Amino acid sequence: MTFDLRELYQEVILDHAKQPRNFGHPPACNRQAKGHNPLCGDRLTVYLTIEDGVVTDAAFEGAGCAISMASASLMTEMVKNKTEAEAHSLFELFHALVAGDQGENAENAGDGADLGKLAVFSGVREYPVRVKCATLPWHAFAAALKGKQDDVTTEE
Amino acid sequence: MTTAAGIRRQVQRDSDRLAFDVRRVREDFPILKQRVNGRPLVFLDSAASAQKPRAVIRAVQQCYEREYANIHRGVYFLSERATELFEGARVKVQRFLGAREAREIIFVRGATEAINLVAQTYGRKFLNRADEVVLSTLEHHSNIVPWQMLRDEKGLTLRIIPIDDSGALRMEEYEKLLGTRTKLVAVTHCSNALGIVTPVKEIIRLAHEKGIPVLVDGCQAVPHMPVDVRDLDCDFYVFSGHKLYGPSGIGALYGKAALLEAMPPYQGGGDMISTVTFEKTEYNVIPHKFEAGTPNIAGAIGLGAAIDYVSGLGFDEIVDHEQELLEYATEALAETNSLRLFGTVEDKVCILSFIIEGVHPHDIGTILDHEGIAIRAGHHCAQPLMDRFGVTATARASFGLYNTREDVDALVAGVRKAVEFFG
Ligand SMILES: Cc1ncc(COP(=O)(O)O)c(C=O)c1O
């Protein structure tokens, strides 16, 4: 396979896409939101357990492409045990990484946050049409944090 | 496939093997020479929009360089020339569809606008509360949403012709849907997502037995088969120029003259009137009644050139070539492990819609793109159809008259690579 495909589909991504972590609907969760990408029809639901402003558990269910599944899987790992504010900065940092934006988001993002494993998504910015696949779970996550009831879409 | 039709095609093919020279045809399409990601472009998304032959590009360019002015108004040479060419394009569409008269052809932006026009004029005037419109499960969103908008405005009911697992319309169910409340049937001639050709002639015959008019969405049919609206006896027929190797932003609505005359205008403005005072306006005759404002003049002329191009090659040749590609591609893809093909009927145009277990269509699309192969991954603007099959998306390879067996080979190799990569 050509070099640059491996840049997009890094081993970690393929691994998480094939065997998503935290897949399911934890009965104890107290926030949830659905995400929908109208371009491809992918849908997923993010379930959070928030205790005293800390994400103590995160999980998801749904079906989608390798990028969106791996993104959801890694996201649920990364946001666990973060405060809501920390998790939100992580989203901003992640968004700046995959959308390649240099502006406000990138500068303000990530106070105290560190991309960690999420850095494997750096190849996504070369594929503009796939950026939404990577951010879909995060949009749903942000909506769940806000306690939003309506489905969110990547078009917002 | 050793069906009678297949054999007939084979015999036919052998006898004039040299007649359709796809290499020469490809020379007519400048864009196909391009390389993508360092590889020759393999363009397999013609159902979304087809590439343009030089004849079309030249016609548009020539219009702007030498023949352009506004139409139907100038008393000077250029305006008369542009009007002649624009109206000449209308006659080309008329002949292409086998319509009785040129005034039965309305120029529109495309199929979407044509269907909205019918819904907003015919539908608004003649459909009432509790009336029913019959659509099919195969429809493109553009033949669903305009009817939903009308439903919400009028209190209509939409009834949907179901399909079987092969994708074929269930005609016995269709017959049962036709009742005293049915006021219109709107169906596709050919499914953009699956390539299935529907039995429109029979659909129309059954509807007409009950006095119900029929609109046919011909977007995916006109590039691939000869169409004769008088033989079909449809009441409305719509298509988009850009799928027929013509420019984007131009398409046609065919309507039987008596129906068009009975319909109120669509938009108001210049050209659609005969006299205007602030008290009262007299509308122009058809087709002008439906063509308010300055139309896409160069687009119509380009569409005329596209029709000349396709007619020059001839549908006998085009159908043979594309049906051979369809058989070849169907067999080749069927040999791929864990691949599921949708739309497994005999009567199809060359569109292959599939999923692969464990590999999302989007990922297939990205892997193929790396090989320089353009396919479509998604719901193809036919979400109800995707729902029917319990999938959110498929990968779709759609062929045009310029595609080759080598394109099929590249597709199959690319698909196998994707399977390996994610396997
Ligand atoms: C079957 C069918 N109907 C309608 C349309 C809408 O055509 P357009 O977008 O050109 O108006 C399409 C094209 O996408 C189509 O394939």
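Could you please find all residues in the stretch A:43-58 being within 12 Å of the chain's Cα centre (by Cα) and more than 15 Å from A:His88 (Cα to Cα)?
Within the stretch A:43-58, A:Leu44, A:Thr45 qualify.
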Kindly evaluate A:Tyr47 against the criterion of being touching a helix residue (DSSP H, G or I) at 6+ places or on another chain (Cβ under 8 Å), closer than 26 Å to A:Tyr127 by Cα, open to solvent by less than 70 Å² (accessible area, probe 1.4 Å) and not hydrophobic (A, V, I, L, M, F, W, C). no
For the stretch B:215-233, which positions are out of contact with any strand residue (DSSP E or B) (no Cβ under 8 Å at 6 or more places or on another chain) and assigned to a loop (DSSP other than H, G, I, E, B)? B:Pro223, B:Pro226, B:Asp228, B:Asp233
Filter the stretch B:137-159 down to residues that are within 16 Å of the ligand (Cβ to nearest atom) and touching a strand residue (DSSP E or B) at 6+ places or on another chain (Cβ under 8 Å), then give me how many there are. 9
Picked from the stretch B:77-94 (must be without any contact (Cβ under 8 Å) to a residue 40 or more places away in the chain and more than 21 Å from B:Met272 (Cα to Cα)), the residue nearest to the chain's Cα centre (by Cα) is B:Leu78
If B:Arg9 passes every condition in (1) modelled with pLDDT under 95; (2) out of contact with any Asp or Glu (no Cβ under 8 Å at 6 or more places or on another chain) but one, which one does it miss? (2)
Members of the stretch B:93-119 that are more than 16 Å from the ligand (Cβ to nearest atom) and either acidic (Asp, Glu) or modelled with pLDDT under 95 (or both): B:Glu101, B:Glu104
Mind checking whether some residue in the stretch B:121-136 is within 21 Å of the chain's Cα centre (by Cα), within 16 Å of the ligand (Cβ to nearest atom) and either open to solvent by 10 Å² or more (accessible area, probe 1.4 Å) or more than 28 Å from B:Gly343 (Cα to Cα) (or both)? no
When residues of the stretch A:15-58 are filtered for being farther than 15 Å from A:Glu77 by Cβ and either of a type outside the set (D, E, K, R) or in a strand (DSSP E or B) (or both), how many remain? 24
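Name the residue, out of A:Pro128, A:Pro137, that is within 14 Å of chain B (Cβ to nearest Cβ) and modelled with pLDDT of 80 or more.
On the way: A:Pro137 fails: within 14 Å of chain B (Cβ to nearest Cβ).
Within the list A:Pro128, A:Pro137, the selection yields A:Pro128.
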What do you reckon, is B:Gln61 within 26 Å of the chain's Cα centre (by Cα) and within 16 Å of the ligand (Cβ to nearest atom)? no
Report the residue count in the stretch B:272-311 for those that are more than 22 Å from the chain's Cα centre (by Cα) and in contact (Cβ under 8 Å) with a residue 60 or more places away in the chain. 4
Restricting to the stretch B:38-57, and then to whatever is modelled with pLDDT of 95 or more and within 14 Å of another protein chain (Cβ to nearest Cβ), can you tell me which residue is nearest to the ligand (Cβ to nearest atom)? B:Ala48
As an exercise: evaluate A:Ala58 against (1) within 11 Å of chain B (Cβ to nearest Cβ); (2) in contact with a helix residue (DSSP H, G or I) (Cβ under 6 Å, 6 or more places away or on another chain) and give the number of the one condition it does not meet. (1)
Residue selected from the stretch B:234-271 under the condition within 18 Å of the chain's Cα centre (by Cα) and in a loop (DSSP other than H, G, I, E, B), by the criterion nearest to B:Val108 (Cα to Cα): B:Ile250
Could you tell me which residue of the stretch B:250-271 is most open to solvent (accessible area, probe 1.4 Å), considering only residues that are away from the ligand (no atom under 16 Å from the Cβ) and either within 14 Å of chain A (Cβ to nearest Cβ) or in contact with an Asp or Glu (Cβ under 7 Å, 6 or more places away or on another chain) (or both)? B:Lys256
When every residue in the stretch A:1-27 that is open to solvent by 80 Å² or more (accessible area, probe 1.4 Å) and either of a type in the set (A, V, I, L, M, F, W, C) or over 15 Å from B:Thr366 (Cα atoms) (or both) is compared, the one farthest from the other protein chains (Cβ to nearest Cβ) is A:Pro27
So in the stretch B:186-202, with the set limited to residues that are within 15 Å of the ligand (Cβ to nearest atom) and either within 14 Å of chain A (Cβ to nearest Cβ) or in a helix (DSSP H, G or I) (or both), which one is farthest from B:Glu139 (Cα to Cα)? B:Val200
Would you point out the residue of the stretch A:28-40, among those that are open to solvent by 60 Å² or more (accessible area, probe 1.4 Å) and either more than 17 Å from the chain's Cα centre (by Cα) or among the aromatic types (Phe, Trp, Tyr) (or both), that is farthest from A:Ala59 (Cα to Cα)? A:Leu39
Which condition number does B:Glu87 fail, the rest of (1) open to solvent by 20 Å² or more (accessible area, probe 1.4 Å); (2) over 22 Å from B:Pro226 (Cβ atoms); (3) within 13 Å of the ligand (Cβ to nearest atom) being met? (3)
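The values are calculated or read from the model by the stated rules, or taken from the named source; none is laboratory data. Here the structure is a predicted model, which means the values were calculated and not measured. Neighbour counts run over all protein chains shown; Cβ positions are idealised from the backbone, glycine included. Ligands, DNA and RNA are excluded from the accessible area calculation, which covers all protein heavy atoms including side chains. Shrake-Rupley method; radii C 1.70, N 1.55, O 1.52, S 1.80 Å.
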